[in-house]
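Beneath this line is the structure, given in structure tokens, with notes to follow.
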Amino acid sequence: MNAASAYSASRATGNADRLVLQHAELVKRIAYHLAGRLPPSVEVDDLIQAGMLGLLEAASNYAANRGASFETYAGIRIRGAMIDATAEARLGSALGASKARAVAAVVQEIERGPGATRMTQKLRKAWE
């Protein structure tokens, strides 16, 4: 990397840092707005964390020559990151619940054991 490209990269990083610092409040505002529309199980802090990642990504990918202000562009990216995070969390909890049910079924089967199956068959015959 030559000196000119190194200087350009450091200026871009400094500009991205400045954008993040200037728009951190935007993340909080969007998080609280979105939290009012989501179930109470979704934590505002989790939304803020996902939103900050979206803001960082927006700051590093923003191109001013595309016609949109940074605040508009970042708002879309922040909201998208928050929605993606809540969708991933819901999917993870659904998968976790199905695995927990499968484990509980196996535990019940083990607790019953082979003797329990024979006992059940004897009871059925007695009731017939």
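The values are calculated or read from the model by the stated rules, or taken from the named source; none is laboratory data. Nothing here was measured: the structure is a model prediction, and the numbers come from that model. All Cβ positions, even for glycine, are placed from backbone atoms using ideal geometry, and neighbour counts span all protein chains on display.
Okay, here's what the table says:
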item: Region 22-51 - residue that is part of a loop (DSSP other than H, G, I, E, B) and among the aliphatic types (A, V, I, L, M) and, of those, surrounded by the fewest Cβ atoms within 10 Å (Cβ to Cβ); result: Leu38
item: Identity of the residue in region 62-96, under 11 Å from the mean Cα position of the chain (by Cα) and among the acidic types (Asp, Glu), that ends up modelled with the highest pLDDT; result: Asp84
